[in-house]
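Peer 1: For reference, the structure I am asking about is given below.
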Amino acid sequence: MLKHRNVQQCYYVTGEIDFVVVVAARDLAEYETFTREALMNNRNVRSFTTYVVMDAVKVGTVLPL
């Protein structure tokens, strides 16, 4: 994921999935190109699920310390 310019964030997580990847794309065609290059052509990826953001309810990175 480090080499793909569309990847904004990538998290290694616990649970039923292994990674959460936040991808920015201009349109679905660009996203499809990304999935072909980064996911479908990668032997280590058995499956993936796509969620499309409909609206940003709350976005922030500041930690309340």
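Peer 1: So how far apart, in nm, are the two label points at Glu37 and Met1 if each is 7 Å from Cα heading toward Cβ?
Peer 2: Rounded to a tenth, the inter-label distance reads 1.7 nm.
Peer 1: Could you rank the peptides 7-16, 46-55, 21-30 by their average count of other C-beta atoms within 10 Å per residue, with the highest value first?
Peer 2: Details: 7-16: 9.3, 46-55: 7.0, 21-30: 11.7.
Going by the mean number of other Cβ atoms within 10 Å, highest first, we get 21-30, 7-16, 46-55.
Peer 1: Right, here's the next one. Keeping all protein chains in place, calculate the accessible area per residue for the chain (probe 1.4 angstrom), answer in Å². Could the numbers behind the result be given before it?
Peer 2: Numbers: 6530 Å² over 65 residues.
On a per-residue basis, 100 Å².
Peer 1: Just to be sure I understand, if you calculate semi-axes √(5λ) of the Cα gyration tensor in Å for this structure, which of (1) 22, 17, 12; (2) 33, 10, 9; (3) 16, 13, 11 do you get?
Peer 2: (1)
Peer 1: Ignoring ligands, DNA and RNA, please state the percent of accessible area on the chain from carbon and sulfur, probe 1.4 Å.
Peer 2: After summing per-atom areas, the C and S share lands at 54 percent.
The values are calculated or read from the model by the stated rules, or taken from the named source; none is laboratory data. Model, not experiment: these values are computed from the prediction. We place every Cβ from the backbone using ideal geometry, glycine too, and count neighbours over all the protein chains shown. With ligands, DNA and RNA removed, areas are computed over all heavy atoms of the protein, side chains included. Shrake-Rupley method; radii C 1.70, N 1.55, O 1.52, S 1.80 Å.
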